[in-house]
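Down below is the structure, laid out as C-alpha cells.
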Amino acid sequence: MGERSTPHAPVTCAVIAQKGGVGKTTTLLGIAGAAWERGLRVLVVDLDPQANATAALDPVSTAYTTSDVLADARPGVAADAIVRSGWGLGVDVLPSERALEHRAVPEGRDSTLRLRLALEGVIDHYDLVLVDCPPSLGELTRNALAAVRLALVVTEPSFFALPGAAAALESIEVVRGSNNLVLRPVGVVVNRTRPQTTEHAFRLDELRTAYPDLVLPVTVPDRTALQQAQGACVPVQSWRSPGAAEAAEAYEVILDAVLARAEEAIGGLAVAPAIGFSTGTDA
Ligand SMILES: Nc1ncnc2c1ncn2[C@@H]1O[C@H](COP(=O)(O)OP(=O)(O)OP(=O)(O)O)[C@@H](O)[C@H]1O
Ligand SMILES: [Mg+2]
C-alpha cells in the first residue's frame, strides 16, 4: 500500500447535495473506507466548516486547514496542510475547521478556482481524492466542483429528494460550463433507505423515473452501525455487525461506479455528455 511512486492523475470526486444532513459525509467516508480496504491511496479534502469528515477521520493534526489553504491559494499550498488520518497509512486528510465559514468567500474573479490551484501537483500522489462539501451549493461547493472531474450527488428518499437532486445536478452543469469542462456526474446515491416503507419506495421510484441513468443501482440502507463507526473514528468496513457489512457492500458498488465513470472519461469521453434533464419531464 502506498508504495507506487510514479505520480499519475488521480480519480477526483466531490460529494455534494443541496440539503443538509442527507449523508454526504457518511457516503464519502464509506467510499473512502472501501478504497482504503482495496489498498488505494486516498486523500479526503474537507471543505465543510462543520468539519465532520475531519472529526471522523481523526487526523494527527489540524494545525493547517482548508481555511488557511483557500485564503492562500498558491499553487500546491495544500501540501502544507495534508496530514495522515487516524485510519492509518493510506488515508490522508486536508482538514477543515469552523473558521472556514468566514474565510471562504474571497473576493475576485477566480475565487472558485482557489481549491484547484491549492491542490495543483499535490494530488498526483493519490489514487482517489474525495472532497466533502457543506450543505449548500454555494461558493465552497463551487470550489470543490472546479477542482474535480467527478461529482456524486447524495439524497435521502424524501419529498425534497427530486428537487434537491435536480439542483445539485444543475450546479454540476453550471460549473462545467463556466470553468471545468471535464466535470461529469457519477450519479445520485440514495441514502438511508428503509425499503419496506412505501414512502421510501415511492421516492426512490420517482428519482429513478426522473434520472434513469443517474440513480445508482444500490441504495445505502439506514443502519446504526454507520453512526457507531463514525463515533469510533473507524471505517464502517472494520466495524463488525450485520448492518455494517450491509453498508460496506453498498459502498463497494458505489466505489466501483466512481472508478468506472473515471475510466470512461479517460477512455475517450473526456468531455461529458449533458445531464439528461429532459428524461425527467418526458417520463
Ligand atoms: N445510511 C445511514 N444510516 C444511519 N445513519 C446515517 C446514514 N447516513 C447518515 N447517517 C447519519 O445521519 C447524520 C447526517 O449524516 P451526514 O453527516 O453524513 O450528512 P451530511 O449530508 O454530510 O450532513 P451536513 O449537510 O450537515 O454535512 C449523521 O449522524 C450520520 O451518522
Ligand atoms: Mg457533512
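The values are calculated or read from the model by the stated rules, or taken from the named source; none is laboratory data. These numbers were taken from a predicted model, which means no experiment stands behind them. Quick reminder, even Gly has a Cβ in these numbers, built from the backbone with ideal geometry, and neighbours come from all protein chains shown.
The table for this structure:
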| item | result |
| --- | --- |
| Residues being more than 20 Å from Gly88 (Cβ to Cβ), touching a residue at least 60 places away in the same chain (Cβ under 8 Å) and polar (S, T, N, Q) - total across region 215-242 | 1 |
| Options Ala53, Ala32, Ala14, Ala78; residue that is part of a helix (DSSP H, G or I), under 20 Å from Arg149 (Cα atoms) and within 16 Å of ligand 2 (Cβ to nearest atom) | Ala32 |
| Per-region count, region 39-50, residues more than 16 Å from ligand 2 (Cβ to nearest atom) and either at pLDDT below 95 or buried (at least 20 other Cβ atoms within 10 Å of the Cβ) (or both) | 4 |
| Contacts under 8 angstrom Cβ, first residue in region 116-139 being away from ligand 1 (no atom under 16 Å from the Cβ), partner at pLDDT below 95 and among the acidic types (Asp, Glu), 6 or more apart | Ala118/Asp72 |
| Qualifying residue in region 125-137 (condition: modelled with pLDDT under 95, closer than 30 Å to Arg38 by Cβ and assigned to a helix (DSSP H, G or I)) | yes |
| Segments classed as helices (runs of 4 or more DSSP H), wholly inside region 154-232, with at least 1 members that are at pLDDT 95 or above, within 16 Å of ligand 2 (Cβ to nearest atom) and within 19 Å of Gly30 (Cβ to Cβ) | 161-179, 224-231 |
| Residue that is nearest to Arg142 (Cα to Cα), among those in region 179-198 that are within 16 Å of ligand 1 (Cβ to nearest atom) and of a type outside the set (S, T, N, Q) | Val188 |
| Residues of region 130-176 classified as under 18 Å from Arg208 (Cα atoms) and β-branched (Val, Ile, Thr), total | 3 |
| Selection count, region 127-137, where residues are away from ligand 2 (no atom under 13 Å from the Cβ), within 18 Å of Val258 (Cβ to Cβ) and among the aliphatic types (A, V, I, L, M) | 2 |
| Subset tally (residues that are in contact with a strand residue (DSSP E or B) (Cβ under 7 Å, 6 or more places away or on another chain), at pLDDT 65 or above and of a type in the set (Val, Ile, Thr)) for region 246-281 | 2 |
| Candidates Glu139, Glu156 - the one that is farther than 22 Å from Tyr251 by Cβ, surrounded by fewer than 24 Cβ atoms within 10 Å (Cβ to Cβ) and of a type outside the set (A, V, I, L, M) | Glu139 |
| Leading residue by the ranking (farthest from ligand 2 (Cβ to nearest atom)) among those in region 138-150 that are part of a loop (DSSP other than H, G, I, E, B) and within 12 Å of the chain's Cα centre (by Cα) | Arg149 |
| Region 86-124, residues that are part of a loop (DSSP other than H, G, I, E, B), modelled with pLDDT of 90 or more and either in contact with a Ser or Thr (Cβ under 9 Å, 6 or more places away or on another chain) or within 16 Å of ligand 2 (Cβ to nearest atom) (or both) | Trp87, Pro95, Ser96, Glu97, Arg98, Ala99 |
| Single residue of region 56-75 satisfying the filter (in a helix (DSSP H, G or I) and of a type in the set (S, T, N, Q)) that is farthest from Glu101 (Cα to Cα) | Thr66 |
| Ser158 within 17 Å of the chain's Cα centre (by Cα) and of a type in the set (Ser, Thr, Tyr) | no |
| Flag for Tyr251 being buried (at least 21 other Cβ atoms within 10 Å of the Cβ) and over 19 Å from the mean Cα position of the chain (by Cα) | no |
